[in-house]
Structures are given as structure tokens and as C-alpha cells.
Amino acid sequence: MQGYLQAQFPTFIQYLSAPLHASLLAQRLAALAPGGLNRVFFSNSGTEAVEAALKLALAASDKRSVVYCDNGYHGKTLGALSVTGRAKHRTPFEPLLPRCDSLPFGDLHALRRRLEQGDVAAFIVEPIQGEGGVILPPPGYLAGVRALCDEFDCLWILDEIQTGLGRTGKLFACEWDNTAPDIMVLSKSLSGGLVPIGATLSRDAVWERAYGDIDSFALHTSTFGGGNFAAAAALAALDVLEQDGLCANAAEVGAFLQAGLQHLVDRYPFLVAVRGRGLMLAIEFHQDMRGGVQALVKELAGRIPGQAMATYRMLSGAARAHLEAAAQALEQNLEDMFVLRFMTKLSEEHGVLTFVTANNNRVMRIQPPLVLTREEAECFLSAFASVCEDLATFQS
Ligand SMILES: Cc1ncc(COP(=O)(O)O)c(C=O)c1O
């Protein structure tokens, strides 16, 4: 980036100026992406790349509905939110876009039934649900989606914002299934995480149908989208990705990490599962607190002088129901807090930063930089094992 600034290239913005680096980046992405995705629209974030994809699909199709998956995550602007499957994020802003329907993730029968209705312009999905808790679909799902979208003339939008650019061990996660969408969205690591950028890739025919004439070519634009500075960062990030073999590194170190974590899952009952692919991993926790708060309340009530237990029994049904609901909510929170306590110990005692996924705070994501070495992975595993041991002792 310093080289770029020192060279004093003009940081052109807006497409009419035909910015050099953005053009080179478009060319490079088109060459790398599978499925002849050779039109590229640049924006400044993941959610904007999704907005561009949704608008492109609607402009290219006579149909009006969009289908998305329960528990999926595509961003928080209104269009992307309308195809994000998490009530918590959606509810305060409803009603969202009309004619957006959700389906269970990984269910090809449900997709077929919905597409048979004949009104679906686009189906948007992640190859692996990231924020939903690193959920992998059944094998063959993406190839099945491709076949169904072809059969029913539905545009397939694949959100590779989190999975893309090496994270799962291949440049694009759909390459694991040897398939490709009609429209693909990228962001996050595209510029090495340094400069805001989003990209919406599509096939020629789709772009032409949507924006192929003088009246429609500027229907969707962004002032800063396609800026040279962001594109130069992305070109440099792609260089490093290729030169340092980061896809292969993600596959290799990811497999090592997953095996090490599986060992710990087998050993500690509060770890339910490790799952993922490459360096897109997650660990699911389960620390059952059911009945814990109520037992504590009963114990305390028994120790208070006087007739606390008798008073409790004389409470109205409604009052008791409220108390029990409160105890249950507290127990749920305590369960969530177990993961937070785990993360805090990892951070404070071992200097390792982790976080939970957006849709599920009992799932800790393990998505380190793709440059992670095997030694660093070993270091993480020993820190993780040490926190497991501490908390297992603390539990007993
Ligand atoms: C799969 C996926 N799509 C879209 C987005 C939204 O990206 P942004 O936060 O840059 O708007 C995210 C962000 O986490 C994501 O994981």
C-alpha cells in the first residue's frame, strides 16, 4: 500500500474513469473464479456486495421472489437483512423486503418444492453457514442446488464472503463440489482485511440482461466502489495468497487443528463437536445448567429462618410460573457465559483471541489468519487444552 501511495497513482473513483487497478483486479478475479464469472462489480463491504447481487438477479429476471436459508447470514443493510435467517437481527426492522422466503439449509427437497412454484428469481446461500455456527451442508448439496437452479431457471447467488479466498483450503468453497453459481459475492479477506472492498461476480449473460444497455448500465453504482486503492490492496493480497500457497496451508494446518481439537472434544464433556473445513472451524459447547438455579433458590429458601419454603408454595401459580421462567432464563445465560468464561481465560492467560458466531453464542469460531503455521496451531491447541483442564476442575 505504501508503494501504491508513493507512486502517486490517481485514486480514481466511479466507474466512468476506468480505474486501472480495479480493472486489473476484475480481470484477475474473472480468471480465478469458476464457472465463467467474468463480470465484476465492486463495492465497499460484504452487505453491499449482497445488495448488488440481489438487484442484479432481480434486474436480470422476470420473476420476483428470492429464496434464502434459515440461519443464514448475508449482512445487515435492508436487502441483505431480508435474506438473512435470524429473527434477532430482523425483528426490529420488519416488515422487510416482500417476496423473500426462507427454507431449511441443506434441504434440496424443500428447494425443489419452492422452485416448482415458478416465481423464484434467485436463491442465495452460503457454502458453509459461517455466522450460523459453521454449519456444513450434506455432501453434494451445492451441486444439487446448481442442478435445481438450472432446471427451474433460477439464478443462484453464492455468498463466499466468509468462505472465499482460501479460507476452506480452496480459493472458493464451491470448488470442493466442482460447481459454480451464476452470481458470487466476495468481501472480507479480498483486500487482506486492510481496505474496505466487496465484489459481485456474475456471468456475462446475467449482467447483460440486467444492465446491458444505455438506459440500464448505471442502475446500480457506488461512488467508492471500484476505487484503485482498495483494488491495489486486493491485488497484493491475491499475490500473497498465491505466492505463499495459503490455500494449501489452510487445508493442511486446518486439518491438523481440527484433529487436535477433536481429541479434546473426545475428552471433555462440555465440548460437543468440532466442525468445519480448512481454517474455517468451530467448536460447539454445551454446559448443562438446567435445574441449577432452581436448586440454589430452594437451598437458600431452606436456610432462611422462618417459613420461606412454605411461603413459596403458597405463591399463586402465575407468580411461580414467572419465577421459574426467570430461573430458566438465568440458566440459559449461565450456559452462554460458560463459553465467555472460556474465551476470557484463553485471552487473559494465553493471549489468544477468539469469538462466538453471530447467530449462536455457544459456538466458538476458530478462524485464524491463513498464514497460521503448524507451530502456532500447536500453541493454540495447548492453550485450549489448558483452559479445558482448568474449567473441568472448576466444574467438579
Ligand atoms: C457470509 C457473509 N455474508 C455477508 C456478510 C456481511 O459482510 P459485511 O459485514 O462486510 O457487511 C458476512 C459478514 O460476516 C458474512 O459472513
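The values are calculated or read from the model by the stated rules, or taken from the named source; none is laboratory data. Computed from a predicted structure; not experimentally measured. No Cβ is skipped: glycine too gets one built from the backbone with ideal geometry, and neighbour counts run over all protein chains shown. Just the protein is used for accessible areas: all its heavy atoms, side chains included, with ligands, DNA and RNA removed. Shrake-Rupley method; radii C 1.70, N 1.55, O 1.52, S 1.80 Å.
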* With respect to Gly292, is the statement that it is touching an Asp or Glu at 6+ places or on another chain (Cβ under 7 Å), open to solvent by less than 60 Å² (accessible area, probe 1.4 Å) and at pLDDT below 80 true? -> yes
* To do: Identify the residue in the range 196-206 that is touching a strand residue (DSSP E or B) at 6+ places or on another chain (Cβ under 8 Å) and not basic (Lys, Arg) and, among all such residues, is surrounded by the fewest Cβ atoms within 10 Å (Cβ to Cβ).
  => Asp204
* **Residue count, the range 369-390 (criterion: surrounded by 18 or more Cβ atoms within 10 Å (Cβ to Cβ) and at pLDDT below 95)** => 0
* When residues of the range 158-200 are limited to those that are β-branched (Val, Ile, Thr), within 11 Å of the ligand (Cβ to nearest atom) and assigned to a loop (DSSP other than H, G, I, E, B), the one farthest from Ala232 (Cα to Cα) -> Thr163
* To do: Identify all residues within the range 201-246 that are over 23 Å from the mean Cα position of the chain (by Cα), among the hydroxyl-bearing types (Ser, Thr, Tyr) and away from the ligand (no atom under 16 Å from the Cβ); write none if there are none.
  => Tyr211, Ser216, Thr221, Thr223
* To do: Please verify whether the range 55-65 includes one or more residues that are at pLDDT 95 or above, buried (at least 19 other Cβ atoms within 10 Å of the Cβ) and within 28 Å of Gly278 (Cα to Cα).
  => no
* To do: With respect to Val67, determine if the residue is aliphatic (A, V, I, L, M), more than 14 Å from the ligand (Cβ to nearest atom) and in the same structural domain as Leu148 (by TED's automatic domain parsing).
  => yes
* To do: Filter the range 9-66 for residues that are of a type outside the set (Gly, Ala, Ser), over 17 Å from Asn228 (Cα atoms) and over 23 Å from the mean Cα position of the chain (by Cα) and give the result.
  => Asn38, Arg39, Leu58, Asp62, Lys63, Arg64
* Asked: Does the range 316-327 contain at least one residue that is open to solvent by 30 Å² or more (accessible area, probe 1.4 Å), assigned to a strand (DSSP E or B) and without any contact (Cβ under 8 Å) to a residue 40 or more places away in the chain?
  -> no
* Test set (1) on the phi > 0 side of the Ramachandran plot; (2) among the charged types (D, E, K, R); (3) within 12 Å of the ligand (Cβ to nearest atom) - Asp153 fails condition number -> (3)
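Conditions tested, residue by residue: (1) open to solvent by 50 Å² or more (accessible area, probe 1.4 Å); (2) part of a loop (DSSP other than H, G, I, E, B); (3) not assigned by TED's automatic domain parsing to the domain that holds Leu32.
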site: Glu208; (1), (2), (3): yes, no, no
site: Asp213; (1), (2), (3): yes, yes, no
site: Ala218; (1), (2), (3): yes, yes, no
site: Ala230; (1), (2), (3): no, no, no
site: Ala233; (1), (2), (3): no, no, no
* Asked: Which is under 16 Å from the mean Cα position of the chain (by Cα) and surrounded by fewer than 20 Cβ atoms within 10 Å (Cβ to Cβ), of Gly193, Gly166?
  -> Gly193
* Asked: Which condition does Ile214 not pass, out of (1) within 23 Å of Ala31 (Cβ to Cβ); (2) of a type outside the set (Gly, Ala, Ser); (3) out of contact with any Ser or Thr (no Cβ under 9 Å at 6 or more places or on another chain), if it passes all the others?
  -> (1)
* Among the residues of the range 90-124, write down those that are touching a residue at least 60 places away in the same chain (Cβ under 8 Å) and either within 16 Å of the ligand (Cβ to nearest atom) or open to solvent by 60 Å² or more (accessible area, probe 1.4 Å) (or both). => Ala122, Ile124
* Of the residues in the range 28-53, how many are touching a residue at least 12 places away in the same chain (Cβ under 8 Å), assigned to a helix (DSSP H, G or I) and open to solvent by 10 Å² or more (accessible area, probe 1.4 Å)? -> 7
* For the range 87-116, what are the residues that are under 22 Å from Lys55 (Cβ atoms) and not aliphatic (A, V, I, L, M)? -> His89, Arg90, Phe93, Glu94, Pro95, Pro98, Arg99, Cys100, Asp101, Ser102, Arg114
* Quick one: would you say Arg313 is in contact with a strand residue (DSSP E or B) (Cβ under 6 Å, 6 or more places away or on another chain) and basic (Lys, Arg)? -> no
